[in-house]
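A quick write-up on the structure given underneath.
Bear in mind these aren't lab numbers, they're just calculated from the coordinates by the rules spelled out. Just so we're clear, the structure is a prediction, and the values are computed from it rather than from any experiment. Here the Cβ positions follow ideal geometry from the backbone for every residue, glycine too, while neighbour counts run over all protein chains shown.
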Amino acid sequence: MKLKQKKMTTHQTPEDKNQYPEPIAPKLPESLAMDPKIQTERDNIQGKVLYSSKPEEEGKFANPLEAYKEINDQQFAEIAEGKPGWFQRALTNRELLKARKKTVTDDILNKNEAANRHFSLLHDKQIKDALKQETELEALKKEKIKAAVKTAHAKTTGKVQNFFAALGGAPAAFAAGAINTWQNVRDERKKTNLHN
Amino acid sequence: MDKIKFLKEEVELVLDSFEGLNKDKKEELMIQTENMTEENLLELLKNLYRIRRDFIQAEYDIVNAKDGYLTNLNTSNE
């Protein structure tokens, strides 16, 4: 008896079901070359940051984002694969996840503060364009988050699908983030009237 | 700790990591997990991890793009 072999494209492997989807469009513009002063400030800040609660892992990652993605992916893999002992490993991962989340959040906030300080030094005539630019960037970010929730919604069924429908119903709050916007910086500047 | 409890806690931890998600919305979402089976919770979590990855990447993209914009602005004025 002939055995029928299921056709598989070069892009599909049996492992694909547990892989992340391709990056979701739209992509934000790539960062341009950094102001040397800001770069130095950032390096100084990052140099003091521990990416991990394990000393032997220091220096393993190029930046806190990579460290955080790694532990997120590891937790995903433990649950998706369900190999023996996954439950205990996932429990242990929590502390590491918590430590790296704090590091990554601090890094984002530090970068945002540096951008805000830079913004506060702009001439009044440059501020209008900068605010417009930030609004566009925020819109792109929201689109990316909405697309991720929409994909999750489409990939699930029943109660799980209802969960993502509810999550997608709050895109503004969900994608707003905790970072201060340049609008806040401008309003503060108006209040203090330092430059006007 | 049993697995169902662990998985619900994981859902809550992932939601906590979404900066900006308000408390009421989080509670509304957690109520939806109350009667989920272990299979449902696993499916939910796998997708939440994917979203968390995109979310944190988007946060980084925006702060990096803001820096890039300002740097370019300074350079073009020199």
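Numbers below:
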| quantity | calculated |
| --- | --- |
| Rel. contact order, % - alpha carbon contacts under 8 angstrom, at least six apart, chain B | 38 |
| Cβ-placed point charges (K, R +1; D, E -1), dipole of chain B about Cα centre in debye, nearest 20 | 100 |
| Dipole of region A:88-153 [Lys/Arg +1, Asp/Glu -1 at C-beta], most positive-end residue of A:Leu122, A:Ile145, A:Leu91 | A:Leu91 |
| Angle in degrees between helix B:3-16 and the longest Cα principal axis of chain B, rounded to the nearest 10 | 20 |
| Count of Lys pairs (Cα-Cα under 28 Å; at least 8 positions apart or interchain) in chain B | 15 |
| Within chain B, helix-based [θ] at 222 nm, where runs of 4 or more DSSP H residues each add -39,500 (n - 2.57), nearest 500 | -28500 deg cm²/dmol |
| Nearest 10 degrees, 0 to 90: helix B:38-77 Cα axis against chain B principal axis | 10 |
| Dipole-positive endmost among B:Thr71, B:Phe55, B:Leu42 within region B:24-78 (Cβ charges, Cα centre) | B:Thr71 |
| Environment charge at B:Phe18 (Cβ cut-off 9 Å; Lys +1, Arg +1, Asp -1, Glu -1) | 0 |
